[in-house]
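What follows is a single structure, written as structure tokens, with notes after it.
The values are calculated or read from the model by the stated rules, or taken from the named source; none is laboratory data. Everything numeric here is computed off the predicted structure, so don't read it as measured data. When we count neighbours, we look across all protein chains shown, and the Cβ atoms used for this are built from the backbone with ideal geometry, even at glycine.
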Amino acid sequence: MKLLVVEDENKTADYIRQGLIEAGFVVDLARNGLDGHHMAMTENYDLVVLDVMLPGIDGWKIVQSIRAVGNQVPVLFLTARSSVDDRVQGLELGADDYLVKPFAFSELLARVRTLLRRGGPPVNHERIQVANLELDLVRRRAVRSGQRINLTSKEFALLELLARRQGEVLPRSLIASQVWDMNFDSDTNVIDVAIRRLRAKIDDNFEPKLIQTVRGMGYTLDLPDD
Ligand code: CA
């Protein structure tokens, strides 16, 4: 899941970015409105965390502009103001939710996850099941054959990506950009190592084996063909 954070206060921006990365997201950061606007218009994000008061172009104008071209990316506004009028204006312009500063990071994370579920896969917003593997997307937990598997946040993000797109062969470049924010040119060995670790946890002691290597193409999570 790739998020854009637009925030001009460096301390707040770094704090949000770091927290979201630790929670397993890929995060792009824009420190002013113009960069934020440009990135929101040109890149594909799963969600935008958008400060309202920004130099250059404010958060309201950014959300208006991206909605005007039909971009429905969920937007969480951050605002230091708390008057009712501002709230109403933000929501009318197309923000999906907002948070009044100062806020606890846990609150931001909870709102982000709620918004992502709202725009998530239509089949099931909170759980993904593949054979006897279950992912609880709310608690970020994986269970295989009734046994809880301990995963790091990156491992869970990798597994979630594979499970959301069950049966689809995902090239290393796509996995790299979605889970690690790396380019295709980067060392894709990172992906192979991560897959190996994930397999050791979710496949080695269980049947059927779910993570499949498709030679020359990438990886897929699916039931093996018999
Ligand atoms: Ca600001």
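Give me the residue from segment 55-77 that is within 15 Å of the ligand (Cβ to nearest atom) and within 17 Å of Asp96 (Cα to Cα) and, out of that set, surrounded by the most Cβ atoms within 10 Å (Cβ to Cβ).
Ile62
Residues that are within 13 Å of the ligand (Cβ to nearest atom), surrounded by fewer than 18 Cβ atoms within 10 Å (Cβ to Cβ) and not aliphatic (A, V, I, L, M): does segment 12-20 have at least one?
Yes, because at least one residue in segment 12-20 is within 13 Å of the ligand (Cβ to nearest atom), surrounded by fewer than 18 Cβ atoms within 10 Å (Cβ to Cβ) and not aliphatic (A, V, I, L, M).
Can you pull out the residues in segment 41-54 that are over 27 Å from Glu155 (Cα atoms) and either away from the ligand (no atom under 16 Å from the Cβ) or among the basic types (Lys, Arg) (or both)?
Answer for segment 41-54, where residues must be over 27 Å from Glu155 (Cα atoms) and either away from the ligand (no atom under 16 Å from the Cβ) or among the basic types (Lys, Arg) (or both): Met41, Thr42.
List, please: which pairs have Cβ atoms under 9 Å, are six or more places apart or on different chains, and start with a residue in segment 36-63 that is at negative phi and end with one that is of a type in the set (S, T, N, Q) and surrounded by 18 or more Cβ atoms within 10 Å (Cβ to Cβ)?
These pairs meet every condition: Asp51/Thr79; Val52/Thr79; Met53/Thr79; Gly59/Thr79.
Return the pair list, or none, for Cβ contacts closer than 6 Å from residues in segment 149-177 that are over 17 Å from Arg127 (Cα atoms) and at pLDDT 90 or above to residues that are surrounded by fewer than 16 Cβ atoms within 10 Å (Cβ to Cβ) and not hydroxyl-bearing (Ser, Thr, Tyr), at least 6 apart or on different chains.
Pairs that qualify, where the first residue is over 17 Å from Arg127 (Cα atoms) and at pLDDT 90 or above and the partner is surrounded by fewer than 16 Cβ atoms within 10 Å (Cβ to Cβ) and not hydroxyl-bearing (Ser, Thr, Tyr), are Val169/Val214; Val169/Met217.
Quick check on this structure: which one of Val5, Val27 is within 16 Å of the ligand (Cβ to nearest atom), assigned to a strand (DSSP E or B) and either modelled with pLDDT of 95 or more or over 20 Å from Ser177 (Cα atoms) (or both)?
Only one candidate qualifies: Val5.
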